[in-house]
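Readers should treat all values here as calculations from the given coordinates under stated rules, not as data from a laboratory. It should be emphasised that the depicted structure is a prediction, and the values quoted were computed from it without experimental measurement. Cβ coordinates were reconstructed from backbone atoms using ideal geometry, including for glycine residues, and neighbour counts include every protein chain displayed.
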Amino acid sequence: MNIFHVEDDRDIREITKMALEMAGEFQVSQYDCGDAALAAASDSTPDLFLLDVMMPGMTGPETLLKLREFDHLANVPAIYMTARVQPDEIEAFKKTEALGVIEKPFDPVTLGQQIMDMMAT
Amino acid sequence: MIPATTAAQMLDRFENPVLVIDTKSLAICHMNLAALTLKQASQDSGFELTDLASWMGVSTEEARARLTSQRPSFFHEVNHGAAYFDVQIQPLSDSGASDQMFAFFHEITRRREVERKKQELVSTVSHELRSPMTAIKGAMGLLLAGSAGEMPERARNMIQIAQRNADRLILIVNDILDLDKIADGTMAFDNSEVRVADVIETAVEGIAGFRDRFDVSVTTEINAPDALSMIDPNRMVQVLVNLLSNAIKFSPAGGNVKIALSRHAGFNRISVADMGEGIPKDEQDLLFQRFVQIGAKNRAATGGTGLGLSIVQEILAKQDCKISFESEVGGGTTFFVDIPIYDGLKLSKQVNGSCSS
């Protein structure tokens, strides 16, 4: 499974990549901001967007809305990873039709399973 | 009896605005100098209930309701222009049958601003801590899962210590965020008609791993199986898990914690009793204070944050519930949570009204 992971924190990117690659069934492409993800997404179709929420520049939900403007990405599922689940954020999550939210700090050992469970629903 | 003119002069000496209000018509009968100054500054005039309502920053109906409420004296906060006031309403006499009442204004604008800034800081710091915690916990979790190969036993032990303490830090941050959410009113309460026995069962299941780790048994005694309450079941589970984990932590190995449900003095009463050492009388007052851990000689061993009971207390207050305890040195401690009984429509309005925040 191909995952597009957008996260501005370098260390969390590395942890996430290791955790998912350890789980075995994931290939992870990583971007440090929304713009980088948009540039790469124009000619590839991942199976899932995994998005940090609070990022400098575009936020996670803003990035997702832009990504979904591409025809070939309109139906790619998305999951947010966030340290702060605030009421106004939940509204933004609903509006962008994400599968769910993984709360930080996440458990690296079960991260893959958590993602699979969300995708199964 | 002080002559009326002297009383008025005395009131004028007060720095804080004071209103005298007619108990029947709820019109303003008198304003002291400070009140007049404030009123002129806000450019409205008049002495009717509508004016009083604008003073209080609420609708006329709300003002009437507050002023005629059964309580002889109460505080509320009003926004008057850019200034915030605590207002205390008091009848002129204690008999409750007086024709007039006082409204004492006490400005709290600055206090509010300081509190808001403090809260903002706490909230920001707590959130900012979560990102590095994610990386730390993630890195150690991966190490322990063997992603960098097998580790020598001693290295493993040390990583485990680090990880356990990272977990503790996260608990503290979560607790601070919970308190923060309660303080600024953003903690959501999703009330529904709940069988209290179900809540107890969920909490007891949730604590199973913890119970085994401390080698303490938990027995449940349901004396009111059909008891209903209008509460947020998840928040009540959070409260009970907190009380149960405290009871377990402070029990001797092989001990027993009993959680029971009964009817008591018009409430659904949940009690959580442990066989711990009990709380000395002189420490009992500290129990609900933040970051205080009674009898915890080794904080790391109990793994607590010292915030649990204060969160429990805040959540229960928001749900119109009461918490109390009995404790004796050598005789263990029992906590009581008294939840309003829900018996259909009669109570629903009142409970919804006060729990919706």
Next item on the list: Starting from the Cα of A:Asp11, step 7 Å toward the Cβ, then list every residue of the range B:129-157 with an amide N under 14 Å from that point.
Entry: B:129-142
Check: Separation between the B:Gln119 and B:Ile161 pseudo-spin-labels, each 7 Å from Cα along Cα→Cβ, expressed in nm?
Finding: 4.0 nm
Notebook entry, point to check: Taking amide H positions as placed 1.01 Å from N in the peptide plane, with prolines and chain starts having none, which residues 5 or more places from B:Ser147, or on another chain, fall under 5 Å of its amide H?
Noted result: none
Check: How large is ³J(HN,Hα), in whole Hz, for each residue of the range B:162-172 in order, when computed from phi with the Karplus curve 6.51 cos²θ - 1.76 cosθ + 1.60 and θ = phi - 60°, using x for Gly and Pro?
Finding: 4, 5, 4, 7, 5, 4, 5, 4, 5, 4, 4
Next item on the list: For the range A:61-78, just list the computed ³J(HN,Hα) in residue order, Karplus coefficients 6.51, -1.76 and 1.60, θ = phi - 60°, integers in Hz, with x standing in for Gly and Pro.
Entry: x, 5, 4, 5, 4, 5, 4, 5, 5, 6, 4, 6, 10, 4, 10, 6, x, 9
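If I stretch the segment between B:Ser262 and B:Gln100 completely, what's the gain in nm (0.36 nm per residue apart, minus their alpha carbon distance), one decimal?
Values: separation 162, 0.36 × 162 = 58.32 nm, distance 4.47 nm.
Taking B:Ser262 through B:Gln100 to full extension adds about 53.8 nm, to one decimal.
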Check: What is the spin-label model distance, in nm, from B:Glu128 to B:Glu193 if the labels are put 7 Å beyond Cα along the C-beta direction?
Finding: 4.9 nm
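Give B:Lys118/B:Lys281; B:Lys181/B:Lys281; B:Lys281/B:Lys322; B:Lys249/B:Lys318; B:Lys117/B:Lys249; A:Lys94/B:Lys181 a once-over and call out the pairs whose C-alpha atoms are over 30 Å from each other. Before the final figure, lay out the partial values.
On the way: B:Lys118/B:Lys281 33 Å; B:Lys181/B:Lys281 32 Å; B:Lys281/B:Lys322 21 Å; B:Lys249/B:Lys318 26 Å; B:Lys117/B:Lys249 36 Å; A:Lys94/B:Lys181 21 Å.
Too far apart for the 30 Å limit: B:Lys118/B:Lys281; B:Lys181/B:Lys281; B:Lys117/B:Lys249.
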Checklist line | Per-residue average of Cβ from other chains inside 10 Å of A:106-113 | finding: 4
Checklist line | HN-Hα J in Hz across the range B:125-138 - Karplus 6.51, -1.76, 1.60, θ = phi - 60°, x for Gly and Pro | finding: 4, 4, 5, 5, 5, 5, 5, x, 4, 4, 5, 5, 5, x
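If you average the sequence gap of Cα pairs under 8 Å that are 6 or more apart and divide by the length of the range B:217-274, what percent do you get for the contact order?
Numbers: 70 pairs, mean separation 25.8, N = 58.
Once normalised by length, the contact order is 45 percent.
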Next item on the list: Note the per residue figure in Å³ for the convex hull of the C-alpha positions in the protein assembly as shown.
Entry: 212 Å³
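How much mean residue ellipticity at 222 nm does chain A get from its helices, if each DSSP H run of length 4 or more adds -39500 (n - 2.57) and you divide by all residues, to the nearest 500 deg cm²/dmol? Can you show the working numbers first?
On the way: 5 runs with 49 residues, N = 121.
About -12000 deg cm²/dmol.
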Check: If each of B:Glu328 and A:Met116 carries a label point 7 Å out from its Cα toward its Cβ, how far apart are those two points in nm?
Finding: 5.6 nm
Notebook entry, point to check: Given H placed on each backbone N at 1.01 Å, which residues far from A:Gly100 in sequence or on other chains put an amide H within less than 5 Å of it?
Noted result: A:Tyr80
Check: Based on the alpha carbon coordinates of the range A:2-116, what radius of gyration and maximum Cα-Cα distance (Dmax) apply, in Å?
Finding: 12.9, 35
Item checked: Choice from A:Leu64, A:Leu38, A:Leu50 showing the highest fluctuation, given a GNM over chain A with Cα pairs closer than 10 Å -> A:Leu38
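Expressed in nm to one decimal, what extension gain is obtained for the pair B:Thr220 and B:Arg154 from 0.36 nm per residue of sequence separation less their Cα-Cα distance? Can you show the working numbers first?
Details: separation 66, 0.36 × 66 = 23.76 nm, distance 4.10 nm.
Contour length minus Cα-Cα distance gives 19.7 nm.
Pop the C-beta distance of A:Met1 and B:Thr5 into the FRET formula with R0 = 56 Å and round what comes out to the nearest 0.05. Display every interim value, and only then the final one.
Values: r = 86 Å, r/R0 = 1.54.
Efficiency for this residue pair is about 0.05.
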Next item on the list: Quick one: which residues, 5+ away or cross-chain, put their amide H under 5 Å from the amide H of B:Ile222? H built at 1.01 Å from N.
Entry: B:Leu261
Margin query: For B:Arg168, project a label point 7 Å along Cα to C-beta. Then give me every residue of the range B:134-154 with its amide nitrogen under 17 Å of that point.
Written below: B:137
Next item on the list: Just need the relative contact order of the range A:2-116 here, percent rounded to a whole number, with Cα pairs under 8 Å and 6+ apart.
Entry: 26 percent
